[in-house]
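Here's the structure we're looking at; comments come further down.
The values are calculated or read from the model by the stated rules, or taken from the named source; none is laboratory data. In this text, all values refer to a predicted model and were calculated from it rather than measured experimentally. Methodologically, a virtual Cβ is constructed for each residue, glycine included, from the backbone with ideal geometry; neighbour enumeration extends over all protein chains shown.
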Amino acid sequence: MMQTRLRPPVHFDWRKPHHWLAFGFGAGLMSRAPGTWGTLAAVPLYLLVAELSPAGYLGLTLALLLLGIVVCEKVGRELGVHDHPAIVWDEVVGYLITMFAAPAGWLWVFVGFVAFRLFDILKPWPIGWLDRRVTGGLGVMLDDVAAGVMAWVTVQIFVMASAAL
């Protein structure tokens, strides 16, 4: 008999700003593929910050990462689940990492989206290792940081290949 993995209940409190962040402004509350919806929620944020200087973009991304460690730890404790599927702030930050220094245009938004989702879902080494071994808010964020870095490398390879054509 095939076992299905039940999703733990979500106790979203709309009055708590840290819930809004952890749940990707509500995107993580989608019943199917919350990580994909969380990444989709990151696209408008990326479009807002894409024109920042490289230092400004990295500084903001680092600040959102550090905020995510604290917020995801707190919400995980409140939900009683270390890395609840509805917590998607890690996808938001992972996508921002993916898109660092990406060329402008919807093609690159899409390429980054697909690359990040593939690494986040498939979890090749070291992503899966980090996901299994590191706990707390840092653990929630770290595997998506690694997926974002691997997706960033992938996007940059595609950028260089397209420039060579």
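When the stretch 101-113 is limited to residues that are under 12 Å from VAL43 (Cβ atoms) and of a type outside the set (Gly, Ala, Ser), the one that is surrounded by the fewest Cβ atoms within 10 Å (Cβ to Cβ) turns out to be TRP106. Once the stretch 14-55 is narrowed to residues that are without any contact (Cβ under 8 Å) to a residue 40 or more places away in the chain, part of a helix (DSSP H, G or I) and of a type in the set (Gly, Ala, Ser), the residue that is nearest to MET99 (Cα to Cα) is ALA55. Does ILE87 satisfy the condition of being crowded, with 20+ Cβ neighbours inside 10 Å and without any contact (Cβ under 8 Å) to a residue 24 or more places away in the chain? Taking the combined requirement at face value, the residue does not satisfy it.
I'd like to know if the stretch 123-136 contains one or more residues that are closer than 18 Å to ALA22 by Cα, touching a residue at least 40 places away in the same chain (Cβ under 8 Å) and within 12 Å of the chain's Cα centre (by Cα). No; the residues of the stretch 123-136 include none that is closer than 18 Å to ALA22 by Cα, touching a residue at least 40 places away in the same chain (Cβ under 8 Å) and within 12 Å of the chain's Cα centre (by Cα).
Using the structure shown, decide if GLY28 is of a type outside the set (Phe, Trp, Tyr), closer than 17 Å to MET141 by Cβ, surrounded by 14 or more Cβ atoms within 10 Å (Cβ to Cβ) and at pLDDT below 95. So GLY28 passes the test.
Being outside any helix (DSSP H, G or I), more than 13 Å from TYR95 (Cβ to Cβ), at pLDDT 95 or above and not β-branched (Val, Ile, Thr) is a property that does not hold for LEU6. Condition first: charged (D, E, K, R) and outside any helix (DSSP H, G or I). Now tell me which residues in the stretch 101-147 satisfy that. Passing the criteria: only LYS123. Residue-level analysis places PHE110 among those that are without any contact (Cβ under 8 Å) to a residue 24 or more places away in the chain and within 17 Å of the chain's Cα centre (by Cα).
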